[in-house]
1. Going by the structure shown, is Ala580 surrounded by 14 or more Cβ atoms within 10 Å (Cβ to Cβ), touching a residue at least 24 places away in the same chain (Cβ under 8 Å) and small (Gly, Ala, Ser)?
2. What residue, among those in the stretch 82-101 that are touching a Lys or Arg at 6+ places or on another chain (Cβ under 7 Å) and assigned to a strand (DSSP E or B), is surrounded by the fewest Cβ atoms within 10 Å (Cβ to Cβ)?
3. Would you call His386 surrounded by 17 or more Cβ atoms within 10 Å (Cβ to Cβ) and touching a Ser or Thr at 6+ places or on another chain (Cβ under 8 Å)?
4. From the residues in the stretch 100-140 that are under 32 Å from the mean Cα position of the chain (by Cα) and acidic (Asp, Glu), which one is farthest from Glu195 (Cα to Cα)?
5. Given the residues Ala121, Ala105, which is the only one that is outside any strand (DSSP E or B), in the same structural domain as Gln61 (by TED's automatic domain parsing), free of Cβ contacts under 8 Å to residues at least 12 places away in the same chain and touching a strand residue (DSSP E or B) at 6+ places or on another chain (Cβ under 9 Å)?
6. What residue, of Asp172, Asp182, is buried (at least 18 other Cβ atoms within 10 Å of the Cβ) and in contact with a Pro (Cβ under 9 Å, 6 or more places away or on another chain)?
7. Of the residues Gly149, Gly162, Gly166, which is closer than 23 Å to His126 by Cα, exposed (fewer than 15 other Cβ atoms within 10 Å of the Cβ) and not charged (D, E, K, R)?
8. Return the residue satisfying two criteria in turn: it lies in the stretch 413-433 and is touching a Gly at 6+ places or on another chain (Cβ under 7 Å) and not in a loop (DSSP other than H, G, I, E, B), and of such residues it is surrounded by the most Cβ atoms within 10 Å (Cβ to Cβ).
Amino acid sequence: MLRAAIASVLVLEISPVRADDVEAILARYVIWRGGTEFEALQSFHERGDVAQGGLRGKFEQWQVNDGRLRRNETLGPLYSALAVSESAGWQTNTSGQIEDLGGDAERERRVVALSFDRAAANQGAHYTLLGTEQFEGKSWDVVRVQFGGPDTYDLLIAPGSGELLGERITEDRRTRFVRYADWRLINRVRMPFAEEQTGSNAADHKVQHAAEIQINVPTMQALFSRPPEKKIWSFASRQTSTGWIDFEFFRDKIFIPAQINGHPIKLLLDSGAGITVIDSGFAKTMAIKSSGTLPVRGTGGRAVMQLASNFQIELGNLKLQRMTAGVIDLAEVATAIGMPLPLVLGREAFNQLVIDIDFQRHRIAFHDPDHFSSPDGAVRVPLGRHGNNRTVAVSVEGRPAVPFDFDLGQGEPLDVYSSYRDSEHLLGARPESLNLSGGVGGIVKVKVATLKSIAVAGIPMTAVPTEFPDAADNASNSDQTAGNLGLPIFSRFRLITDYPHNALWLIPDTNALAQPFGKDRSGLIGLPSGDRVKVLLVAPGSPAEKAGWKEGTEIIAVDGHKIDAIFEASAQAQWGEQAAGTVTVLTLADGTTQQLILADYY
């Protein structure tokens, strides 16, 4: 975000302003851009060079003052297209699939409107003068544009000349700064031939240089129309389903037997992964080549990844190909899970297939959506959209239902983001503690507490252990969705994902719904490492803290069972979730033993 990227050179100076100051500043800006010719600007078309991370390529873009946009971009092996019409929007993902933009289409229209004189005002924008900021030794007036929500668009304009330095855009709690340069007159309208975008991650840095800009060019409606879908899957012998495939349900995660380039693996199925991911060490072993550097945001923070496209995934008789995956080091995540993690199959499989997950029998089936009918007794749950994620409406302790991200890679029942947490005052009146959470980007400490109840599709669930991550530059921060709904919720159903028809299908499992959620009652939070577990966190207020346990302590046995691969894969590894009052004997690395009495502490 801009705070991290340019905090050292931007200083806000609040000064008294008059009501007519904004109009005067904008008037100077319009004159600087070309006066009446700029006011009459209807559209423009540009093409040129673009670079981001370690990738370079070409771009071509059309913008129209009614908010329409089309952009084609090639960065190394990656081609992308995005289009916004008056009423809809779509984009391609890294594998070439077509995805609706949802609410992001309106955000794109707003950014386009800022390129034209007062087009934003026609969309209900409100202008406010914040004051002045210093940038590289010069003062700039800061005019904030808002459209009735929390997103903000700040224009930095020179007080005397009306020159536009750039735009600071904050959408869904993420900020980027777009700086313009190399202004040239095109038919008496001043246009920027250079743009530089910065954010909190160095890999977000993006630079484009226009080779040509044309203004007031005709724009064919076909530019903004949705193209035909690109299939990345096929079934063998004209079949329409894999039939049932047994999977391993390990620590609330789905591991499916598969093959990548003919090599047998167990992949993790994760609807919350915005892109399929290959572990960098595994990719090297398989001689899967990768290139470029692009940003990725996980629950643990920011990271960077490379891209690979020369591979094929097989699940039974289903082939997934023509995909582009991210390549990133997953070793730390694999250690935290306790299972090798060569590949995470992300949303590409969900986008075009129906996936039927029978948690009771630990089996899964992939179906052609054109040949699938929902089973009897299934409840349809509409899916919304938040960025690259799909959302499900959830009621928290009787409150009106709000969208939560649908995430089968989330091992906790529920995350509640700070925006919703604070607006609903969900903490402060209930016991809370800390846990470790993370994924791509690292491991972080998060607050934990227990919600009395939630309801999904009208089906209530009680005593729900919940993580409450603080606002940070990671995937767990949004004001467009209330949080993240994890697999321990959905494993209480037979779950059918039907993204092609924007729905989930749920068949309640009465026995599973009657079971309490797993919940730590020890306060010893650690990671397995060979023949031991090293304590990384002693949870505040927990039995472990009260008993004087310290971080860094190493445990080599639990109730006489040595910690090894067999133990970590067994139900005994969840010893800390046993009933309150259970006495557990832990053997330390020096051979001594300590008793710990389990208790609820949050």
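1. No: the conditions fail for Ala580.
2. Step by step, filter the stretch 82-101, then rank; the result is Asp100.
3. Judged against the criteria, His386 is a match.
4. Checked the stretch 100-140; the qualifying residue farthest from Glu195 (Cα to Cα) is Asp100.
5. Ala121
6. Details: Asp182 fails: buried (at least 18 other Cβ atoms within 10 Å of the Cβ).
The match here is Asp172.
7. Gly149
8. This residue is Val416.
The values are calculated or read from the model by the stated rules, or taken from the named source; none is laboratory data. Everything numeric here is computed off the predicted structure, so don't read it as measured data. With ideal geometry, Cβ positions are generated from the backbone for all residues, glycine too; neighbour counts draw on all protein chains shown.
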